[in-house]
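The values are calculated or read from the model by the stated rules, or taken from the named source; none is laboratory data. As the structure is a computational prediction, the values presented were derived from the model and not from experiment. Neighbour counts are summed over all protein chains in view; Cβ atoms, including those assigned to glycine, are modelled from backbone coordinates with ideal geometry. Quick note on the areas: whole protein, heavy atoms, side chains included, nothing else; ligands and nucleic acids left out. Shrake-Rupley method; radii C 1.70, N 1.55, O 1.52, S 1.80 Å.
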Amino acid sequence: MYPERVVSGMRPTGALHLGHYHGALKNWVRLQSEYPCLFFVADWHALTTHYDSPEVIEENIWDMVIDWLAAGIDPQQSVLFIQSRVPEHAELFLLLSMCTPLGWLERVPTYKDQQEKLSERDLSTYGFLGYPLLQAADILMYRAAWVPVGEDQVPHIELTREVARRFNHLFGREVGFEEKAREAVKKLGSKRAKLYLELRTRFQEQGDEQAVQRGHDLLDDSQNLGLADRERLFGYLEGSRKLILSEPQALLTEASRMPGIDGQKMSKSYGNAIAMREDPAVVTKKIRTMPTDPARVRRTDPGEPERCPVWQLHQVYSGEDTRQWAQAGCRSAGIGCLECKQPVIDAVLAEQQGFLERAQPYLDDRTLLRNIVADGCDQARKMAQETMREVREAIGLAYD
Ligand code: TRP
Ligand code: SF4
């Protein structure tokens, strides 16, 4: 059985805020009970833009991993690791770089965007251009089926798919492929073999994508296939090559509607964030001083929630009853803004209480944290070594 894996990474930006939690992390927590998940700290990725200030990366790593755990990422369910501790990522990145056309990288939208946005940095480096390919290596290494990311990252997943396809096309050749594939079909057992061949015909004659998906599901459920046969059958379904690297899909993370305390999108760089683990007094003060509907100057002026960032917080944190109370009270001037903010403050503090409690054991005992990550790195490295063995073999680099 080859379960569908989920892989995602985050740059080490230090302590995370509520936007990260309600955007990415909550999603990760949900996924970990549905799929085998690998989550990693993308420290090399941080270097692609911050190569001149690497000293911040280390402290950031540990703060960030603590926040993952605080959010409810469970190291029993998910593999947590640091990218640079699995140097196989660099090897795969290098090998993929040999067959990736330069134009593919130059055309990635984040390349020009980020160079413009971070204009104070010199990003005309080789590493920065190659960073989406490094990301492709991160994903292909674990044969991920799903990659939870935000919208801005979708072009990177598309690039990853193209890179995988090209790699398979170039290196998935095999002498006697057809015969070996037909032998492997027999190993499915007669019922499954028949279905597999039907699905294959449906795809090859009618281009039916659903048939490919069903074929993949069938292979995923087939227990007595070795890895090589499995790659052949994945490839045979669609053509005449082995599929060594499998194409992932983006699992789009819905953009968090979390506003910062100034009403703009919450972001560390705007200085408007509430950290996941923040002092309760500071949280209270930040929310109490948040701007509200600018038309509501006096307590007696009615307001409009749609123009108020506090209302967006209600949408994240409040139940139906409280939301109705806030809307009606705002529009009729029946409640004041501080009154309106109180249930939000209470809900944020209650949420943070959970974060603080889950984080505490790791703050008290740093070796606990380090052991979790060391263990995750070992697990990831094992999987990575398995992939690299096949990749080297496919290219013809397995000399021993
Ligand atoms: N590039 C991603 C970001 O900036 C982080 C990342 C690196 C990643 N490698 C990845 C995300 C692999 C998903 C999968 O947010
Ligand atoms: Fe915003 Fe609530 Fe004040 Fe209305 S009552 S303006 S929703 S804080």
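Scan region 233-280 residue by residue and report those that are under 24 Å from the mean Cα position of the chain (by Cα) and basic (Lys, Arg). ARG257, LYS265, LYS268, ARG277 - these are the residues of region 233-280 that are under 24 Å from the mean Cα position of the chain (by Cα) and basic (Lys, Arg). Out of LYS341, LYS382, one residue alone is among the charged types (D, E, K, R) and either within 25 Å of HIS20 (Cβ to Cβ) or in a loop (DSSP other than H, G, I, E, B) (or both). It is LYS341.
Is it fair to say ALA333 is surrounded by 12 or more Cβ atoms within 10 Å (Cβ to Cβ) and farther than 30 Å from GLU59 by Cβ? Reasoning before the result, please.
On the way: surrounded by 12 or more Cβ atoms within 10 Å (Cβ to Cβ): yes; farther than 30 Å from GLU59 by Cβ: yes.
Yes, satisfied.
Provide a single number: the residues in region 306-322 that are within 32 Å of the chain's Cα centre (by Cα) and either more than 22 Å from LYS286 (Cβ to Cβ) or near ligand 2 (Cβ under 10 Å from one of its atoms) (or both).
From region 306-322, those within 32 Å of the chain's Cα centre (by Cα) are 306-320; that's our starting set.
Restricting the remaining residues to those that are either more than 22 Å from LYS286 (Cβ to Cβ) or near ligand 2 (Cβ under 10 Å from one of its atoms) (or both) gives 306-314, 319-320.
Here the count works out to 11.
Of the listed requirements (1) in a helix (DSSP H, G or I); (2) more than 24 Å from LEU356 (Cα to Cα); (3) modelled with pLDDT under 95, VAL297 misses just one: (1).
Rundown of residues vs (1) out of contact with any Leu (no Cβ under 8 Å at 6 or more places or on another chain); (2) at pLDDT 95 or above, yes/no style:
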residue: ALA70; (1), (2): no, yes
residue: ASP74; (1), (2): yes, yes
residue: VAL86; (1), (2): yes, yes
residue: SER97; (1), (2): no, yes
residue: LEU105; (1), (2): no, yes
residue: GLU120; (1), (2): yes, no
residue: SER124; (1), (2): yes, no
residue: ALA137; (1), (2): no, yes
residue: TYR142; (1), (2): no, yes
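Taking VAL163 as the residue in question, decide whether it is within 27 Å of ALA394 (Cα to Cα) and not assigned by TED's automatic domain parsing to the domain that holds ARG30. When the stated conditions are applied, VAL163 does not pass them. Note on region 149-166: among residues that are assigned to a helix (DSSP H, G or I) and β-branched (Val, Ile, Thr), the one that is farthest from ligand 1 (Cβ to nearest atom) is VAL163. Taking the criterion of being in a loop (DSSP other than H, G, I, E, B), open to solvent by less than 40 Å² (accessible area, probe 1.4 Å) and out of contact with any strand residue (DSSP E or B) (no Cβ under 9 Å at 6 or more places or on another chain), the residues of region 44-74 that qualify are SER53, GLY72.
The set of residues in region 208-226 that are touching a residue at least 40 places away in the same chain (Cβ under 8 Å) and farther than 20 Å from TYR35 by Cα contains only LEU225. Might you let me know whether region 7-24 holds any residue that is open to solvent by 60 Å² or more (accessible area, probe 1.4 Å) and part of a helix (DSSP H, G or I)? For region 7-24, residues open to solvent by 60 Å² or more (accessible area, probe 1.4 Å) and part of a helix (DSSP H, G or I): absent. Number of residues in region 338-360 that are near ligand 2 (Cβ under 8 Å from one of its atoms) and open to solvent by less than 40 Å² (accessible area, probe 1.4 Å) equals 2. For region 296-329, the set of residues classified as over 18 Å from VAL348 (Cβ atoms), in contact with a Lys or Arg (Cβ under 7 Å, 6 or more places away or on another chain) and open to solvent by 50 Å² or more (accessible area, probe 1.4 Å) consists of PRO302 only.
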